[in-house]
Amino acid sequence: MSIMRLAPVLALALAVGACDSTSGPKQTIGTLGGAAAGGLLGAQFGHGAGGLAAVAVGTLVGALVGSEIGKSMDDTDKMRHQQAAAQAYSAPVGETINWNNPQTGNRGAVTTTRDGYSSAGSYCREFQQTIVVGGRSEKGFGTACQQPDGSWKIVSN
C-alpha cells in the first residue's frame, strides 16, 4: 500500500479526532497511533479498491480504539507513565521500566532501545513502550532528546 493512498485516510482520521474539542494530547496520540496500526493491518487484506476500503476501515477502527485508550488514562496513569519514561531515558539501554496504577488496573512499560546524538548535537534515546488500559494493549515507539535544562522531549513517535 503506497503512502499516497494511505495519506488521505490518515488525514480523515486526524480530522475526525480534531472535531472533539475535549481531547487531550494523550487521546490525540492514541488516535493517531491506533489509526496507523489499523491502517497497516487493513493493508494486509484485499486488493485494488477492496484493499483501499480495508485500509480505510482499519484506520478508522484503530483510531477509535486508540482514542479510547488515550482518553481512559486518568491523571495518575499519565503521571506514572511520565515518571517511567523519564526513568527509562536515564536507565541503561535495554532496561525495561514498568509502571502501574492499582486503582485503575492500567499499566505499561518503557524500554530504551538505542541512544545517540541528533544532527543538532542533542543526546537522544529511542524507546519502545506498551500501555495497557482497560485490558487493551497498545505498543508504540519514538525518540526523546535531552533538552539544555536536562528535561526530555519526545521528538518523534
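Bear in mind these aren't lab numbers, they're just calculated from the coordinates by the rules spelled out. Here the structure is a predicted model, which means the values were calculated and not measured. Heads up, the Cβs are rebuilt from the backbone with ideal geometry, glycines too, and the neighbour counts pull from every protein chain shown.
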| field | Ranked 123, 117, criterion: other C-beta atoms within 10 Å, fewest first | value | 117, 123
| query | Per-residue HN-Hα couplings for the range 140-153, Karplus 6.51 cos²θ - 1.76 cosθ + 1.60 at θ = phi - 60°, whole Hz, x for Gly and Pro? | reply | x, 8, x, 10, 10, 10, 6, 8, x, 7, x, 6, 10, 10
| So what is the relative contact order for the range 75-156, in percent, with contacts set as C-alpha pairs under 8 Å and at least six apart? | 20
| Kirkwood Rh (inverse of mean 1/r, distinct Cα pairs), the range 71-157, angstrom | 13.3
| request: Calculate one ³J(HN,Hα) per residue across the range 122-136 by plugging θ = phi - 60° into the Karplus curve 6.51 cos²θ - 1.76 cosθ + 1.60, and present them in order as whole Hz with x for glycine and proline. | output: 6, 6, 10, 9, 7, 9, 10, 9, 10, 10, 10, 10, x, x, 9
| Burial ordering of 138, 95, fewest other beta-carbon atoms within 10 Å first | 95, 138
| note | The ³J(HN,Hα) series, computed from each phi in the range 74-85 with the Karplus coefficients 6.51, -1.76 and 1.60 at θ = phi - 60°, rounded to the nearest Hz and given as x for glycine or proline, is 7, 4, 5, 4, 4, 5, 5, 5, 4, 5, 5, 5
